Every structure is written in C-alpha cells, then in structure tokens.
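Asks: Below are the structure tokens for one structure; questions will follow.
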Amino acid sequence: MYQVGNLVKELTEKHGRARDSLMPVLQGIVAKHSYLTDEAMVEVAKELDISAAEVYGTASFYTFLDTKERGKYVIRVCKTITCAMKGKSEILEVLEDMLKIKVGETTSDKLFTLMETNCIGWCHKAPAMLINEMPFTELTPERVVEIIKSYMKK
C-alpha cells in the first residue's frame, strides 16, 4: 500500500477542490501509483468535501481508474462488436494461453494484467488492445505473440 495524503494535497492544490476536480485528482493518483486504494479515495473525499461513496462510484465506473493493484503492464482488449467481428476472441485466447491467466487476472509475477474494456477508439483498425497507454491495432495471433514477447524482455 502507498501513502497518499501528500499526493492528494498536491493534486488538489493543482486542480482545485471543486467537484469537477475529482477526475483529474483520481487520474493523477493512478498515474503515480497505478491504482486507487480505499485510503486514497477517502482522502480525496475529505479534500474535495464529497462523500467517499461518490468518489468510489466515480472510480469504479471508469475502466481506467483501477481500484485494485494491477500488473506492471495492463493489457486492455477492446470488446466492441467491431473488434469481436474481427477476431477479438482469438486474440484473447492467445493472450490467456501465453500469460496463463484469464481476463480479470494478474500474472503471479505481477507483470501483466489482462482485461477487456469498452471502445478504445480504434474500431477502424480492429481488433485492438492497449498495453498501458500504448495502442496496438489490426492484431493477429502472431502479432500478439511478438508484442507480448517484447514486453516480457523489458
């Protein structure tokens, strides 16, 4: 677990303490620590003078605001109809086989977390996935193997 008090204060000084500062503050915490702890959400609620339930509700609604620890590399496979029609299931199968985990799980070495997510904005080049913020498009099973191997070497 990480200490968040100072970070939350820094972020609220930067973004303000109004209700509309909630998203930038939560995004700032995730950018620094990769996920939001319960402690962090309570601190944000105190600083912004809103309920912890409202903070949690916002955090749990958005896919990219993780509320539990993830791997170093978070793989988010797009689950839109376009990606599904262009082979998303095959891509997921390759990822699960390579990483020996299922969607929603993290590898035991904490290197990879595999997730499905709503549209990532690359439907015109489906199937697509993000690894952290890096998009990969027009995926094939062979290309996915190459991509994952390159991340395993980092």
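Asks: Quick check: is even one residue across segment 111-119 without any contact (Cβ under 8 Å) to a residue 40 or more places away in the chain and either farther than 27 Å from LEU26 by Cβ or outside the structural domain of LYS32 (by TED's automatic domain parsing) (or both)? Outline the logic, then answer.
Replies: First, pick out the residues of segment 111-119 that are without any contact (Cβ under 8 Å) to a residue 40 or more places away in the chain: 114.
With the extra rule that they be either farther than 27 Å from LEU26 by Cβ or outside the structural domain of LYS32 (by TED's automatic domain parsing) (or both), the set shrinks to 114.
Yes, that holds for at least one residue.
Asks: Being in contact with a His (Cβ under 9 Å, 6 or more places away or on another chain) and of a type in the set (Gly, Ala, Ser) narrows it down to one of ALA40, ALA18, so name that one.
Replies: On the way: ALA18 fails: in contact with a His (Cβ under 9 Å, 6 or more places away or on another chain).
The unique qualifying residue is ALA40.
Asks: Determine which single condition LEU22 fails, assuming it passes every other condition in (1) touching a Ser or Thr at 6+ places or on another chain (Cβ under 9 Å); (2) in a helix (DSSP H, G or I); (3) assigned by TED's automatic domain parsing to the domain that holds ILE147; (4) not charged (D, E, K, R).
Replies: If we test LEU22 against (1) touching a Ser or Thr at 6+ places or on another chain (Cβ under 9 Å); (2) in a helix (DSSP H, G or I); (3) assigned by TED's automatic domain parsing to the domain that holds ILE147; (4) not charged (D, E, K, R), just (3) comes out false.
Asks: Of the residues THR107, THR67, THR63, THR80, which is in contact with a Cys (Cβ under 8 Å, 6 or more places away or on another chain) and either polar (S, T, N, Q) or without any contact (Cβ under 8 Å) to a residue 60 or more places away in the chain (or both)? Quick ask: steps written out before the conclusion?
Replies: On the way: THR107 fails: in contact with a Cys (Cβ under 8 Å, 6 or more places away or on another chain); THR67 fails: in contact with a Cys (Cβ under 8 Å, 6 or more places away or on another chain); THR63 fails: in contact with a Cys (Cβ under 8 Å, 6 or more places away or on another chain).
Testing whether each residue is in contact with a Cys (Cβ under 8 Å, 6 or more places away or on another chain) and either polar (S, T, N, Q) or without any contact (Cβ under 8 Å) to a residue 60 or more places away in the chain (or both) leaves just THR80.
Asks: Let me confirm something: among THR117, THR113, which residue is among the β-branched types (Val, Ile, Thr) and touching an Asp or Glu at 6+ places or on another chain (Cβ under 8 Å)?
Replies: On the way: THR117 fails: touching an Asp or Glu at 6+ places or on another chain (Cβ under 8 Å).
So the residue among THR117, THR113 that is among the β-branched types (Val, Ile, Thr) and touching an Asp or Glu at 6+ places or on another chain (Cβ under 8 Å) is THR113.
Asks: Criterion first (under 22 Å from MET115 (Cα atoms) and of a type outside the set (A, V, I, L, M)) does THR12 satisfy it? Give the derivation first.
Replies: Details: under 22 Å from MET115 (Cα atoms): no; of a type outside the set (A, V, I, L, M): yes.
The answer is no for THR12.
Asks: Mind checking whether some residue in segment 44-58 is farther than 21 Å from LYS153 by Cβ, of a type in the set (Gly, Ala, Ser) and assigned by TED's automatic domain parsing to the domain that holds ARG143?
Replies: The initial filter retains those residues of segment 44-58 that are farther than 21 Å from LYS153 by Cβ, namely 44-58.
Keeping just the survivors that are of a type in the set (Gly, Ala, Ser) gives 45, 51-53, 57.
With the extra rule that they be assigned by TED's automatic domain parsing to the domain that holds ARG143, the set shrinks to none.
No: segment 44-58 contains no residue that is farther than 21 Å from LYS153 by Cβ, of a type in the set (Gly, Ala, Ser) and assigned by TED's automatic domain parsing to the domain that holds ARG143.
Asks: Which is touching a strand residue (DSSP E or B) at 6+ places or on another chain (Cβ under 9 Å), of a type in the set (Ser, Thr, Tyr) and at pLDDT below 95, of SER34, SER60?
Replies: On the way: SER60 fails: touching a strand residue (DSSP E or B) at 6+ places or on another chain (Cβ under 9 Å).
Result: SER34 is the single residue among SER34, SER60 that is touching a strand residue (DSSP E or B) at 6+ places or on another chain (Cβ under 9 Å), of a type in the set (Ser, Thr, Tyr) and at pLDDT below 95.
Asks: Moving on. Residue check, VAL77 against (1) surrounded by fewer than 18 Cβ atoms within 10 Å (Cβ to Cβ); (2) in contact with a helix residue (DSSP H, G or I) (Cβ under 8 Å, 6 or more places away or on another chain), all met but one. Which one?
Replies: (1)
Every residue, every condition in (1) at pLDDT below 90; (2) within 18 Å of the chain's Cα centre (by Cα), yes or no:
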position	(1), (2)
THR12	no, no
ALA40	no, yes
TYR56	no, yes
ASP66	yes, yes
ILE75	no, yes
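The values are calculated or read from the model by the stated rules, or taken from the named source; none is laboratory data. Note that the structure is a prediction, hence the values are computed from the model and not measured. Note: ideal-geometry Cβ built from the backbone for every residue, glycine included; neighbour counts use all protein chains shown.
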